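Asker: Pasting a structure here, questions to come.
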Amino acid sequence: MVTATTSEDETEQHEESALETARRQLAGAAELVDVDEGVIERLNHPDRVQRVSIPLKRDDGTTEVYTGYRAQHDSVRGPFKGGLRYHPGVSEQECIGLSMWMTWKCAVMDLPFGGAKGGIVVDPKTLSEGEKERLTRRFAQELRDVIGPKRDIPAPDMGTGPQEMAWFMDAYSMQEGETTPGVVTGKPPVIGGSFGREGAPGRSVGIIAEQAIDYYDWDIDGTTVAVQGFGSVGAYAARYLDDLGATVVAVSDVDGAIYDPDGLDTRDVEDHDERPGMVSGYDAPRSLANEELLELDVDVLIPAAIGNVLTADNADDVQADMIVEGANGPTTSAADAVFDERDIPVVPDILANAGGVTVSYFEWLQDINRRQWSLDRVNEELRTEMLKAWDAVRDQVDRRDVSWRDATYAVALNRVAEAHEARGLWP
């Protein structure tokens with residue numbers, strides 16, 4: 001397993017950080033492949049972490065100063081790539097850990113990028129639209145020396161979206177004196193964004209879940225699915241599988257979960273009249289807590305909300321036959337070990353939700369060539385790339401008889417290590 005043993009007591013006392021998880025997984029992957037120890041040591045550390053102070057004049061005339069980060073992990077295969085999140089929990093350690101995952105994600109998809117991640121320590125719900133715009137534009141200015149279409153290309157993440165990317169791109173372009181759409185991805189299509197980018201992470205989760213269901217010789221018609229987090233990832237994944245004939249029995253948002261053993265209409269869940277946009281207002285037979293959804297007796301569980309929701313505390317209570325990770329880092333190392341002992345396959349995030357960075361790569365290409373692709377082409381190209389990555393990982397699973405996470409990391413680490421060994425160490 002790409003995990004280290006952790007007792008339940010240790011887990012309860014100390015919640016594993018993204019960086020700790022990423023380093024444990026790297027150590028485990030290093031045992032599977034023949035990689036120089038010096039390369040592994042380099043990959044345990046980011047190339048650079050930028051910390052900035054961002055002053056914001058609030059609508060009431062007061063000034064507040066927020067903290068922002070940009071962690072750049074590794075660029076041996078190409079420019080840094082990764083999201084910008086606005087969330088109270090953003091920290092330097094989290095950004096470093098997530099930037100490591102981005103390095104593996106880009107490598108397993110064989111994209112010419114390295115990993116990065118950043119964000120601002122702020123609750124975006126406390127900001128007006130104008131305040132959010134001013135904060136974003138100042139953040140772009142503070143990061144201007146370390147980003148660029150050939151250096152580091154941010155994208156949306158938790159708490160950000162196409163509008164923030166539009167402001168970010170405009171602020172950067174104004175300082176450069178020319179329109180530079182390739183500095184970020186996830187923009188609105190009208191200013192160089194790609195069709196299909198917003199739904200790409202969820203679509204790729206659906207594609208990989210479809211392949212995993214077929215791998216285990218299950219009939220997708222009637223396969224039961226529970227999705228924690230009916231947001232930009234979970235909703236698209238649920239609808240993709242629903243369209244294929246799977247039975248999506250439960251979905252949730254921050255307000256709670258709904259459950260119908262006969263299956264939910266995933267295209268109607270957020271379109272109901274009562275409290276539109278919240279799944280808890282949908283007329284379902286049962287309401288559940290988010291924690292209860294994770295323990296439902298279903299074929300496929302997709303944790304697509306936040307990290308660290310599957311832990312040593314609840315891993316023994318999970319009844320799903322397979323887990324496909326939609327969120328970044330939803331499974332702790334301790335939970336991973338439990339699932340391995342119970343023979344519950346876990347398809348990792350760095351493969352399953354890699355559609356986001358893959359379509360970001362398509363967007364970057366479109367910006368460079370100034371030629372926009374149709375939605376059909378984007379979806380077709382995305383499926384092709386996801387199946388190529390799936391085949392590479394599946395080959396490792398079959399050949400080495402290892403877990404899906406081990407196999408995914410082996411593919412990624414091999415590619416990154418080969419690039420480091422080819423380029424060498426300068427000076």
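Asker: Return yes when Asp297 is open to solvent by 10 Å² or more (accessible area, probe 1.4 Å) and either touching a residue at least 12 places away in the same chain (Cβ under 8 Å) or among the aromatic types (Phe, Trp, Tyr) (or both) and no when it is not.
Answerer: Yes: the conditions hold for Asp297.
Asker: Given Ala226, Ala171, which one is open to solvent by less than 10 Å² (accessible area, probe 1.4 Å) and not in a loop (DSSP other than H, G, I, E, B)?
Answerer: Ala226
Asker: Does Asp391 satisfy the condition of being farther than 16 Å from Ala412 by Cβ, of a type in the set (D, E, K, R), without any contact (Cβ under 8 Å) to a residue 12 or more places away in the chain and open to solvent by 20 Å² or more (accessible area, probe 1.4 Å)?
Answerer: Spelling it out, it is not the case that Asp391 is farther than 16 Å from Ala412 by Cβ, of a type in the set (D, E, K, R), without any contact (Cβ under 8 Å) to a residue 12 or more places away in the chain and open to solvent by 20 Å² or more (accessible area, probe 1.4 Å).
Asker: Can you tell me which of Ile207, Ile191 is more than 25 Å from Pro345 (Cβ to Cβ) and modelled with pLDDT of 95 or more?
Answerer: The match here is Ile191.
Asker: Just need a number here: residues in region 229-259 that are at pLDDT 95 or above and assigned to a loop (DSSP other than H, G, I, E, B).
Answerer: So the answer is 2.
Asker: Across region 176-199, what is the total count of residues that are open to solvent by 30 Å² or more (accessible area, probe 1.4 Å), under 20 Å from Glu142 (Cβ atoms) and either assigned to a loop (DSSP other than H, G, I, E, B) or of a type in the set (Phe, Trp, Tyr) (or both)?
Answerer: Total satisfying the criteria: 1.
Asker: With respect to the numbered conditions (1) at pLDDT below 90; (2) under 24 Å from Val318 (Cα atoms); (3) not in a helix (DSSP H, G or I), which one is the sole condition not fulfilled by Asp283?
Answerer: It fails just one condition, (2).
The values are calculated or read from the model by the stated rules, or taken from the named source; none is laboratory data. Quick caveat, the model's predicted, so the values are computed rather than measured. Positions of Cβ are generated from backbone atoms using ideal geometry, with glycine treated the same way; all protein chains shown enter the neighbour counts. Quick note on the areas: whole protein, heavy atoms, side chains included, nothing else; ligands and nucleic acids left out. Shrake-Rupley method; radii C 1.70, N 1.55, O 1.52, S 1.80 Å.
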